[in-house]
Amino acid sequence: MEEMGVTVATGNGIAVVGSGYVGTVMAACLADLGHDVVGVEIDQDKLTALNAGVAPFFEVGLEERLKTSIDAGRLFFTDDYDLAMDRTHIVFLCVDTPPGTNGHPDMSSVAAAAQSIGAALRVPHIIVTKSTVPVGSGNWLESTIEAELPEGVDSNVLCVVSNPEFLREGTAVEDFLHPERVVVGGDCPEDVEIVAQVYDRILSQSFEGGDPTQKPALIKTDRATAETIKYAANAFLATKISFINEIANICEWLGADVSEIAYAIGLDSRIGPKFLNAGVGWGGSCFGKDTSALASMAREQGIEPLILDAVRRVNTNQRHIIVRKLQQHLRPLRGRRVALLGLAFKPGTDDTRDAPSITIARSLEEKGVILVGCDPMVDELPRVPNLKIVRDPEEAARGADAVVLLTEWDEFLGLDFERIANCMRGKVIIDGRNALDPEAVMSAGLAYEGIGRFSTRP
Ligand code: UDX
């Protein structure tokens with residue numbers, strides 16, 4: 001990286017390794033808060049784009065922060081680990097840990113990054129894990145880095161601290177700047193303190209747009225506890241959703257309405273209103289991977305993860321409920337046309353990792369259903385290569401026997417159902433997110449069926 005000039009001296013900067021969701025948001029926001037940040041990215045296309053201020057994905061508020069910080073000289077991206085390690089004293093490890101085998105995440109990117117860091121370390125560094133890694137990985141990481149240290153470099157140049165992230169896709173910048181808590185875990189209190197100081201302005205909310213009345217909590221703890229907090233948080237959120245989905249399924253037999261139940265129980269501050277929307281269940285890159293990893297860790301220790309297993313089973317089952325509902329309405333399914341509104345795992349993103357739409361589309365395809373997908377941002381659905389995808393919901397609904405809402409994009413919530421009804425061949429709307437207005441659907445002469453809510457036929 002000649003154009004960056006210097007290749008000298010120990011810096012006080014921060015290295016962020018990996019430019020996925022977490023790494024890019026972190027690099028841009030830390031630089032925006034005034035830190036000197038070096039982003040490390042080995043993918044050449046991403047690297048060129050990032051140095052031009054172009055993010056590899058869309059996140060509200062991200063690109064403007066990238067551009068301002070790059071222009072102000074507080075942020076640049078490189079593939080040169082030597083340069084990055086020379087300029088910094090803390091490394092945030094943000095490479096991806098996709099699902100691997102036996103329920104464990106695939107740690108190959110972490111291992112490769114750790115080896116590159118080790119080979120480039122000459123001066124003391126704190127290595128901070130942001131990537132969600134199995135509990136105990138800190139020890140493994142330390143030895144992986146140590147094994148690569150150049151000759152003559154003492155192994156006490158490094159220590160590993162855990163600092164889990166809780167960012168949601170779509171609101172990642174907001175979540176980073178206004179977290180409810182910052183968790184830092186390590187076995188040496190001085191190192192934990194140094195990492196906590198990186199978050200100084202966030203903890204005090206002393207930046208433009210900060211809210212000093214809503215200061216986040218700082219939790220300093222040991223490494224294993226910090227690593228486990230991340231898993232426990234995601235597992236609990238997934239549990240809340242699977243719980244309300246189970247109640248929804250019971251509601252269908254009792255003639256009760258799960259939306260009103262969720263509202264009523266959510267008013268109890270011990271329960272809280274969030275993550276109680278019943279529907280086709282959770283997807284995305286975190287809940288499935290993290291509940292599976294936590295269950296595997298438990299099993300390895302001889303503990304049967306009863307709740308985690310149930311949470312995962314309910315979620316899988318939830319996707320098949322849509323297929324069963326379609327079967328009830330359209331028997332036989334073969335040759336029927338079905339429009340799937342929404343393919344992303346949630347609104348506001350083009351991410352389809354572990355999206356319910358994939359399981360549902362594959363199952364319907366196997367049953368001979370002719371499918372059309374519709375999503376404002378998704379252009380292709382993994383593992384469903386032949387799915388025709390359109391942008392216009394009316395085009396998707398044309399000639400359909402049923403329309404199924406799978407992602408509650410705003411574009412779909414305000415649809416003119418008279419027009420949708422006119423395009424359709426059949427009369428069935430399945431609301432897989434309980435997000436549509438049943439009155440609007442029914443007054444267009446369509447049958448409305450939600451999840452654990454009433455169903456009506458015109
Ligand atoms: C999640 C966690 O929220 C975040 O803290 C963590 O860092 C990463 O994992 P994310 O995967 O971006 O974030 O999405 P989130 O908004 O949590 O939604 C996850 C899934 O749950 C989506 O498929 C969503 O549709 C579903 N969901 C959410 C429900 O089905 N019902 C709800 O009530 C809430």
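Looking across the range 266-293, just one residue is of a type in the set (A, V, I, L, M, F, W, C), closer than 18 Å to His320 by Cβ and in contact with a Phe, Trp or Tyr (Cβ under 9 Å, 6 or more places away or on another chain), and that is Trp282.
Scanning the range 428-445 for residues that are of a type in the set (A, V, I, L, M, F, W, C) and more than 16 Å from the ligand (Cβ to nearest atom), we see that the one that is nearest to Gln328 (Cα to Cα) is Val428.
Taking the criterion of being at pLDDT 95 or above, in contact with an Asp or Glu (Cβ under 9 Å, 6 or more places away or on another chain) and of a type in the set (S, T, N, Q), the residues of the range 89-123 that qualify are Ser109, Gln115, Ser116.
Per the listing Ser363, Ser292, the residue uniquely touching a His at 6+ places or on another chain (Cβ under 9 Å) and surrounded by fewer than 18 Cβ atoms within 10 Å (Cβ to Cβ) is Ser363. Filtered by the rule that a residue be farther than 17 Å from Pro134 by Cα, touching a residue at least 40 places away in the same chain (Cβ under 8 Å) and open to solvent by 20 Å² or more (accessible area, probe 1.4 Å), the range 226-240 gives Leu237, Thr239.
Tell me whether the range 289-306 contains one or more residues that are under 30 Å from Glu227 (Cβ atoms), basic (Lys, Arg) and modelled with pLDDT of 95 or more. Checking the range 289-306: at least one residue is under 30 Å from Glu227 (Cβ atoms), basic (Lys, Arg) and modelled with pLDDT of 95 or more. If you go through the range 120-132 and keep only what is aliphatic (A, V, I, L, M) and surrounded by 17 or more Cβ atoms within 10 Å (Cβ to Cβ), you end up with Ala120, Leu121, Ile126, Ile127, Val128. Residue-level analysis places Ala402 outside the set of residues that are without any contact (Cβ under 8 Å) to a residue 40 or more places away in the chain and either buried (at least 16 other Cβ atoms within 10 Å of the Cβ) or touching a Pro at 6+ places or on another chain (Cβ under 7 Å) (or both). Residues of the range 34-58 that are part of a strand (DSSP E or B) and either over 22 Å from the mean Cα position of the chain (by Cα) or farther than 26 Å from His89 by Cβ (or both): Val37, Val38.
Which residues, taken from the range 133-148, are of a type in the set (A, V, I, L, M, F, W, C) and either touching a strand residue (DSSP E or B) at 6+ places or on another chain (Cβ under 8 Å) or crowded, with 20+ Cβ neighbours inside 10 Å (or both)? Within the range 133-148, Val133, Leu141, Ile145 qualify. Going by the structure shown, is Asp431 free of Cβ contacts under 8 Å to residues at least 40 places away in the same chain and under 14 Å from Gly279 (Cα atoms)? Considered against the rule, which asks whether it is free of Cβ contacts under 8 Å to residues at least 40 places away in the same chain and under 14 Å from Gly279 (Cα atoms), Asp431 comes out as yes.
Of all residues in the range 58-97, those that are open to solvent by less than 50 Å² (accessible area, probe 1.4 Å) and closer than 30 Å to Ser292 by Cβ total 8. If you go through the range 256-275 and keep only what is surrounded by 15 or more Cβ atoms within 10 Å (Cβ to Cβ) and either near the ligand (Cβ under 10 Å from one of its atoms) or assigned to a helix (DSSP H, G or I) (or both), you end up with Val258, Ser259, Ile261, Ala262, Ile265, Gly266, Phe275. In this structure, Gly100 does not qualify as in contact (Cβ under 8 Å) with a residue 24 or more places away in the chain, out of contact with any strand residue (DSSP E or B) (no Cβ under 7 Å at 6 or more places or on another chain) and within 22 Å of Cys286 (Cβ to Cβ).
The values are calculated or read from the model by the stated rules, or taken from the named source; none is laboratory data. Everything numeric in this text was worked out from a predicted model, so none of it was measured. Glycine gets a Cβ as well: all are built from the backbone with ideal geometry, and neighbour counts include every protein chain shown. Quick note on the areas: whole protein, heavy atoms, side chains included, nothing else; ligands and nucleic acids left out. Shrake-Rupley method; radii C 1.70, N 1.55, O 1.52, S 1.80 Å.
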